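Visitor: Quick one: the structure is below, and I'll ask about it shortly.
The values are calculated or read from the model by the stated rules, or taken from the named source; none is laboratory data. Predicted, not measured: the structure shown is a model, and the values here were computed from it. Cβ placement follows ideal geometry from the backbone for every residue including glycine, while neighbour counts extend to all protein chains displayed. Ligands, DNA and RNA are excluded from the accessible area calculation, which covers all protein heavy atoms including side chains. Shrake-Rupley method; radii C 1.70, N 1.55, O 1.52, S 1.80 Å.
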Amino acid sequence: ELQVGCFGAMSVHAERLIAASEHDLAERVSYYIEQKILKFHETTKKNFILGLSGTNGKARRERAKEVFASVGKRESIDWNFVRILLLDERFGTTDVEDSNKNLVENSLLKALEERGVKFPKAHFLTPNTNLSWEDCAADYTRRMQELFEEEGVDGPMLFTAGLGSDGSLASIFPAWYNKSDDRWKDLIGGEVKVLCTETKDFEVSKRVTVNLRCLRNAEQGIIFLGAGTEDAWQQVYSTSHAPWSPNHGEESPSDDVSFGSIPRPGEEMQAKKMAWRFSKTTTEEDLTMLQLPLEYLMEHKYVMVAQVQRDVKNHLNLVVFGAGGDLAKKKTFPSIFQLHLSRVLPSNLEIVGCDDPTYHTDLKSQEDLMTHRLMPYLQKECSKPSDLRDFSDNLQFVPVNFADVETVRTLHKQLQANAKGLTDNRIFYLALPPFLFASAVKLIREECWPADGYVRVIVEKPFGRDLQSAQKLGAELSAYLKEPQIFRIDHYLAKNMVLNILTLRFANREFGRLFHADNVANIRITFKEDINVAGRAGYFDGYGIIRDVMQNHLLQLLTLMLMEAPASLRPEDVRDEKVKVLKQMRTVKMSDCVVGQYEGYQDDEAIQEINKKKGYKSKCPTFAVCVLYLDNERWSNVPIIMKAGKSLERRSTIARLQFKKAPSHSLFGDQPQNELVVRIQPDEAIYYRMLAKTPGLTAKTHEVQRTMLDLDLRKNEVGRLPDAYEKLIHDVVAGESHNFVRSDEVEEGWRIFDPLLKRLESPDAPEPETYVQGTRGPLKADELINEQGYRRYSAAGVSGYAQHDFS
């Protein structure tokens, strides 16, 4: 894709690399660098000097990290003859994540180390940031010049850098050098040197960077374009005031590969007022002073522009109703922001926050939404200003009041305008109270439906409060939406360890018979929280622990543990098998349940207010143990013990299969039962408690000890794991629905618990057992668990009951 052409008055040699995805970009750029190094070494055994810049912003730095790591995995490169030159470094930062040296070490050099390639520290030239700022630049200038002199060159053979949203390259910032003629002269002067620069627009204000003369002396440069840099590129491209024209009478390059056809989102660039834009009154004499770094390099140097391809056919509007609420600011928008940082959202995307200005009077604009709601929570995810700016640029706010249909029509017009003639896909996230769901979907269908493209609606739990209300909600949604358009979120289904259960069970054939009544004595699903309901007591009292956790989260987890192998991993096949489990499950009887309420619950001011209105004390359970049974061949007569509670001794969610004990008088019949444990939180893990011979010279064959086969799933992980909400929102964008709850799953879940809930809320309902906060719950609950044959064991294998506090 090499093109040679005339760029206005400038003669330009340019190559363009367009990748299909971020992974493809890393692979193709690393291959390109590998080929350049191999070609260089075909004719000489001199050292190849590779200049690297860390760029700015978390998203762009993650891209650089992926590219550098991919370079380190290239096996054809002889790293004995490569020297790495750090083009710029952040000065004075105490956070190693902000260090460009650290970025290269944790990507390229780490990849080399993993391959067993030894790369001497002396071959990686970096600034000494332990010196003063000016001394650091002077010292690095001297060492860099010594390297070039030793190798007989005046610059690196190849360098990589990202184009900033302000037009910067490496740490060469237009806002910095535009303040002084001397600074520009230092940048382009005849001597290769390192300068002290500053920025107010990006993280870490003080920098040291090579000058433009060093980059100009390079044989070639690779420039990365990304989200937020299109305007900066357009500024360079449009400076010529002329379209691309070929040299020497060559045919014009096609739109597919021409340098002037860098993919844009199917629209003309939106002009932004930036300090570095050219003035119409600029004289020819001043032009050099006002050039952007990339523009200057393109006058003199061969460059390659690399970027991920943009979709020029489709547009996506991601609309969040209830943008001013707690859920949106704490979960929804931070998750979307993380997807933005991970560079997995569609390129043509607008995020539109909507809320009722009569309810949230402080929200009237996008700036209000960012300032008054989102900024503190987004900054917890990433505080780098460039990332926050990029995200803010894609965020809009439209006031919507469901009682005023005109506001919804205004939203529709805004979404149409955003699409700019492309296929208009829309996702609506209902971060709303359930009583508004019906109104929202009705208005979406009647007033905010696109002429083309898909519509997907995300619905938050609770999906009703009993079987009747769940059926009513399902009917209201289905009146305007088809089932494939509805995405009911249960965030537990997207927890990493829950996603692993299907793989654990069905990718390992030996577990097929292990998960069976022939082998399993009992199953336990336990959910514990060490906090009480303070701050949300008013909401919780209307639902209780069974509705809040057991009927949805734990029941969904249970279906994955008990289901048969689906015909495929297609969403409907998986959900069909989950529904079969629910249909075969008996309704819970009062005799198979113990409910509790922690001491001090009645002292909460919100509960006292509710009690005053009702005229009697609340019987809302904050704790429950239920025993369920599944009537099928695989799990017949296996007790399934489900336990959940607030204000218990620890925070954890665990699924446990306890296997049958050997007959008491058989070989090893006196030993503990084996267990397969799946720990969802905290510290995700899968481990198998089993028996092994006690080690030692004097140990006899019959002397065994309980040991643990630990399936460490985290040791090969790189970086952070996505939050459950991130995973689910990403699935909706991709159209993947198997991690969402279908309508028949919701109704079957309520069928199982509805009779119990009605009994617990009847006038003659039993009083819940009280328990001390910070304990395991009521003693009667442990008695019920013991009756099912469950036994606890100490680490040494000493047998006990549910109430025994073994670790």
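Visitor: Of the residues that make up region 119-136, is at least one surrounded by 15 or more Cβ atoms within 10 Å (Cβ to Cβ) and of a type in the set (Gly, Ala, Ser)?
Guide: no
Visitor: Let me ask something else about it. If you check ALA470, ALA438, ALA431, which single one turns out to be open to solvent by less than 40 Å² (accessible area, probe 1.4 Å), among the small types (Gly, Ala, Ser), free of Cβ contacts under 8 Å to residues at least 60 places away in the same chain and touching an Asp or Glu at 6+ places or on another chain (Cβ under 8 Å)?
Guide: ALA438
Visitor: Collect the residues in region 403-430 that are among the aliphatic types (A, V, I, L, M) and more than 22 Å from VAL459 (Cα to Cα), keeping them in residue-number order.
Guide: ALA417, ALA419, LEU422 - these are the residues of region 403-430 that are among the aliphatic types (A, V, I, L, M) and more than 22 Å from VAL459 (Cα to Cα).
Visitor: Name the residues in region 62-80 that are in contact with a helix residue (DSSP H, G or I) (Cβ under 6 Å, 6 or more places away or on another chain) and part of a helix (DSSP H, G or I), would you?
Guide: Across region 62-80, the qualifying residues are LYS65, GLU66, VAL67, PHE68, ALA69, SER70, VAL71, GLY72.
Visitor: A further question follows. Any residue in region 444-452 that is in contact with a Pro (Cβ under 8 Å, 6 or more places away or on another chain) and part of a loop (DSSP other than H, G, I, E, B)?
Guide: no
Visitor: Based on what the data block shows, is ALA26 modelled with pLDDT under 90 and on the phi < 0 side of the Ramachandran plot? Talk me through it step by step, then tell me what you get.
Guide: On the way: modelled with pLDDT under 90: no; on the phi < 0 side of the Ramachandran plot: yes.
For ALA26, the condition - modelled with pLDDT under 90 and on the phi < 0 side of the Ramachandran plot - is not met.
Visitor: At pLDDT 90 or above, farther than 26 Å from GLY777 by Cβ and of a type in the set (S, T, N, Q): which single residue out of ASN632, ASN637 fits that description? Before you say what the answer is, go through the steps one by one.
Guide: On the way: ASN637 fails: farther than 26 Å from GLY777 by Cβ.
Sole residue among the options that is at pLDDT 90 or above, farther than 26 Å from GLY777 by Cβ and of a type in the set (S, T, N, Q): ASN632.
Visitor: Considering only region 187-196, I want to know if a residue exists there that is modelled with pLDDT of 95 or more, assigned to a strand (DSSP E or B), open to solvent by 30 Å² or more (accessible area, probe 1.4 Å) and more than 30 Å from ASP311 (Cα to Cα).
Guide: Among the residues of region 187-196, at least one is modelled with pLDDT of 95 or more, assigned to a strand (DSSP E or B), open to solvent by 30 Å² or more (accessible area, probe 1.4 Å) and more than 30 Å from ASP311 (Cα to Cα), which makes the answer yes.
Visitor: Would you call ARG373 within 29 Å of THR199 (Cβ to Cβ) and either in a helix (DSSP H, G or I) or of a type outside the set (Ser, Thr, Tyr) (or both)?
Guide: yes
One line per residue, one yes/no per condition, for (1) at pLDDT below 75; (2) surrounded by 17 or more Cβ atoms within 10 Å (Cβ to Cβ); (3) on the phi > 0 side of the Ramachandran plot:
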residue: PRO682; (1), (2), (3): no, no, no
residue: ILE686; (1), (2), (3): no, yes, no
residue: THR694; (1), (2), (3): yes, no, no
residue: ALA699; (1), (2), (3): yes, no, no
residue: LYS715; (1), (2), (3): yes, no, no
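Visitor: Return yes or no: is LEU411 in contact with a strand residue (DSSP E or B) (Cβ under 9 Å, 6 or more places away or on another chain), aliphatic (A, V, I, L, M) and open to solvent by 20 Å² or more (accessible area, probe 1.4 Å)?
Guide: It is false that LEU411 is in contact with a strand residue (DSSP E or B) (Cβ under 9 Å, 6 or more places away or on another chain), aliphatic (A, V, I, L, M) and open to solvent by 20 Å² or more (accessible area, probe 1.4 Å).
Visitor: Which count do you get for residues in region 635-659 that are farther than 16 Å from ILE785 by Cα and surrounded by fewer than 18 Cβ atoms within 10 Å (Cβ to Cβ)?
Guide: Of all residues in region 635-659, those farther than 16 Å from ILE785 by Cα come to 635-636, 646-653.
Still in the list and also surrounded by fewer than 18 Cβ atoms within 10 Å (Cβ to Cβ): 636, 649-652.
Of the residues in that region, 5 qualify.
Visitor: Could you figure out which of (1) modelled with pLDDT of 95 or more; (2) within 19 Å of ALA59 (Cα to Cα); (3) surrounded by fewer than 18 Cβ atoms within 10 Å (Cβ to Cβ) isn't true of LYS200?
Guide: Of the numbered conditions (1) modelled with pLDDT of 95 or more; (2) within 19 Å of ALA59 (Cα to Cα); (3) surrounded by fewer than 18 Cβ atoms within 10 Å (Cβ to Cβ), the odd one out for LYS200 is (1).
Visitor: Residue check: is ASN425 outside any helix (DSSP H, G or I) and either within 30 Å of LEU760 (Cβ to Cβ) or in contact with a helix residue (DSSP H, G or I) (Cβ under 6 Å, 6 or more places away or on another chain) (or both)?
Guide: Considered against the rule, which asks whether it is outside any helix (DSSP H, G or I) and either within 30 Å of LEU760 (Cβ to Cβ) or in contact with a helix residue (DSSP H, G or I) (Cβ under 6 Å, 6 or more places away or on another chain) (or both), ASN425 comes out as no.
Visitor: Same structure again: Step by step: first the residues of region 529-546, then only those that are open to solvent by 10 Å² or more (accessible area, probe 1.4 Å), closer than 19 Å to LYS461 by Cα and of a type outside the set (Gly, Ala, Ser), then the one that is nearest to the chain's Cα centre (by Cα). Which residue is that?
Guide: Per the stated criteria, the residue is ARG536.
Visitor: Open to solvent by 10 Å² or more (accessible area, probe 1.4 Å), on the phi < 0 side of the Ramachandran plot and in contact with a strand residue (DSSP E or B) (Cβ under 6 Å, 6 or more places away or on another chain) - does that describe any residue in region 498-520? So that I can check it myself, show each step before the final result.
Guide: Let us first name the residues in region 498-520 that are open to solvent by 10 Å² or more (accessible area, probe 1.4 Å), namely 499-500, 502-514, 517-519.
Keeping just the survivors that are on the phi < 0 side of the Ramachandran plot gives 499-500, 502-514, 517-519.
Adding the requirement that they be in contact with a strand residue (DSSP E or B) (Cβ under 6 Å, 6 or more places away or on another chain) leaves 519.
Yes, region 498-520 has at least one match.
Visitor: Further, regarding this structure: Can you tell me which condition LYS313 does not meet? The list is (1) open to solvent by 10 Å² or more (accessible area, probe 1.4 Å); (2) in contact (Cβ under 8 Å) with a residue 24 or more places away in the chain; (3) touching a helix residue (DSSP H, G or I) at 6+ places or on another chain (Cβ under 9 Å), and all the others hold.
Guide: Single failed check for LYS313: (3).
Visitor: In the list GLN338, GLN379, which residue meets the criterion of being in a helix (DSSP H, G or I), in contact (Cβ under 8 Å) with a residue 12 or more places away in the chain and more than 22 Å from LYS420 (Cβ to Cβ)?
Guide: Exactly one residue qualifies, and that residue is GLN338.
Visitor: Within the group PHE48, PHE81, which residue is more than 28 Å from PHE337 (Cα to Cα), more than 24 Å from the chain's Cα centre (by Cα) and surrounded by fewer than 22 Cβ atoms within 10 Å (Cβ to Cβ)?
Guide: PHE81
Visitor: Select from region 109-166 the residues that are among the small types (Gly, Ala, Ser), under 24 Å from TYR177 (Cβ atoms) and part of a helix (DSSP H, G or I) and list them in ascending order.
Guide: ALA137, ALA138
Visitor: Could you please find all residues in region 591-601 being loosely packed, with under 14 Cβ neighbours inside 10 Å and touching a residue at least 12 places away in the same chain (Cβ under 8 Å)?
Guide: First pass over region 591-601, keeping only residues loosely packed, with under 14 Cβ neighbours inside 10 Å: 591, 599.
Result: GLU599, single match.
Visitor: Of all the residues that make up region 553-576, how many are outside any loop (DSSP other than H, G, I, E, B), more than 13 Å from ASN739 (Cα to Cα) and open to solvent by 10 Å² or more (accessible area, probe 1.4 Å)?
Guide: Residues meeting the conditions: 0.
Visitor: Among the residues of region 167-186, which ones are open to solvent by less than 20 Å² (accessible area, probe 1.4 Å) and part of a loop (DSSP other than H, G, I, E, B)?
Guide: Within region 167-186, GLY167, SER168, ALA170, SER171, PHE173 qualify.
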